[in-house]
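The values are calculated or read from the model by the stated rules, or taken from the named source; none is laboratory data. Predicted, not measured: the structure shown is a model, and the values here were computed from it. Heads up, the Cβs are rebuilt from the backbone with ideal geometry, glycines too, and the neighbour counts pull from every protein chain shown.
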Amino acid sequence: MKVIDLFAGAGGLSEGFRQENYEILAHVEMDKSACNTLRTREAYYYLKNQNLLNIYKDYLLQNITRKELYSFIPKEILDKVIEAEISNKTIPMIFKKIDELIGEETIDLVVGGPPCQAYSTAGKARDPNKMKDDPRNYFYRYYVRFLKKYQPKIFVFENVRGILTAQEGKVFKNIKRNMSNAGYKVGYRILNASDFGVSQFRERVIIIGWKKDLPFKYPEFNLELVPPTIRTLFEDLPRINAGESLSGENQYVIDTNEAISGIRQRNWNILTQHIARPNNDKDLTIYRLVVEAWNNENKALKYNELPQDLKTHKNDEIFLDRYKNVKYDTLSHTIVAHISKDGHYYIHPDIKQNRSLTVREAARIQSFPDDFYFEDSRSAAFKQIGNAVPPLMAKEIAHIIKENIQRY
């Protein structure tokens, strides 16, 4: 089945659907670094299908440049990535590019998650007007325009749970009405990525719509997948300290384990982006205190409990969980895009390493395979990871949709 991915980010939704053998015809995304990541992933799949993965591996090992990598890829493959903001001004151009890409093909699915900052709890907390005037409240209207234009059988729309209550529920009511007017029946659930085998507590609203003449209903998901703990998920990754990085062949410290065999793609042996951000001495002292409090007392250390000389903010009455450690023997809390700003909310559980998570560790928590490469800077990679839909969650959604469609 053929898919368009809107507001694609680094391609978490695309990756999951692709793993279920859907064909991604186009990705639309405005962020330059995310678009580079999407192109590199397109390069990966093209080379894999041509039995030329050695070229991709040469790129990861820095034997060739990105420009040289792309030189092996047909232009029509790289052109699947449409680098553009979706707006009233740009939509005609985007439609034209998609039409050129798909030719006579029909679109089976549209997937995507419009930017969610206007619906997020953190966003509302920072905005005195509770994001009521934020134009991102209405990005769903652009999504609906793609539904009207391409008339897919089914669509998947992902967002934070705050979308249900934004503006006292008016936004969500309007979303459903617009989707109905476009010709779709709509169902939604609040789903947790951990129920799909992802090592992370991450609640998201998943709206699924289907053409009104299609004998379809919101699917029942198999929510019996048991995600690996963080300890198991990180077991084969080498220890590094703050400010260090490690990459290359034969860097994993164990061959594999059952939980990470899928992430390592069973025979993958190139470690990339195991990059830890540097920290000053004050941050590292706080990190150590946070991990010690958890290890010794099973206690989450609050900001107002830090020694006075370690505090950098005058206000110690709000955001008391400013520093938070990932726990070894359970799942991670939600990875969000703020991880690109600092790692204080994602302190590594191993006190001997005393640092925040690496890019590769955050990617694994989000269920990205180790052969997935995030382009450009460390901060750009963290932002892409934090904004992504976990591919493992997307894969299960894709699987169930395909299974249900085949029944009719």
Number of the exception - MET30 against (1) surrounded by fewer than 21 Cβ atoms within 10 Å (Cβ to Cβ); (2) of a type outside the set (D, E, K, R); (3) touching a strand residue (DSSP E or B) at 6+ places or on another chain (Cβ under 9 Å); (4) closer than 22 Å to LEU271 by Cβ: (4)
Matching residues, segment 59-84, being exposed (fewer than 14 other Cβ atoms within 10 Å of the Cβ) and without any contact (Cβ under 8 Å) to a residue 60 or more places away in the chain: GLN62, ASN63, THR65, LYS67, GLU68, SER71, PRO74, LYS75, GLU76
Sort out for me the helices (runs of 4 or more DSSP H) sitting completely within segment 1-91 that have 2 or more residues that are more than 19 Å from the chain's Cα centre (by Cα). 32-49, 53-60, 66-71, 75-78
ARG231 outside any loop (DSSP other than H, G, I, E, B) and touching a residue at least 60 places away in the same chain (Cβ under 8 Å): yes
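So that you can scan it fast, the table gives a plain yes or no per residue for (1) outside the structural domain of LYS395 (by TED's automatic domain parsing); (2) within 29 Å of TYR45 (Cα to Cα); (3) small (Gly, Ala, Ser); (4) modelled with pLDDT under 95:
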| site | (1), (2), (3), (4) |
| --- | --- |
| LYS67 | no, yes, no, no |
| GLU83 | no, yes, no, no |
| ILE98 | no, yes, no, no |
| ILE107 | no, yes, no, no |
| ALA125 | no, no, yes, yes |
| ARG136 | no, no, no, yes |
| VAL144 | no, no, no, no |
| VAL171 | no, no, no, yes |
| ASN181 | no, no, no, no |
Answer yes or no as to whether LYS352 is in contact (Cβ under 8 Å) with a residue 12 or more places away in the chain, among the basic types (Lys, Arg) and buried (at least 18 other Cβ atoms within 10 Å of the Cβ). no
Would you check which residues across segment 202-217 are modelled with pLDDT of 95 or more and of a type outside the set (D, E, K, R) and list them? VAL205, ILE206, ILE207, ILE208, GLY209, TRP210
Contact list, first residue from segment 253-264 and buried (at least 16 other Cβ atoms within 10 Å of the Cβ), second anywhere and among the β-branched types (Val, Ile, Thr), beta-carbon distance below 8 Å, six or more apart or interchain, is ALA259/THR232; ILE260/THR232; ARG264/THR256
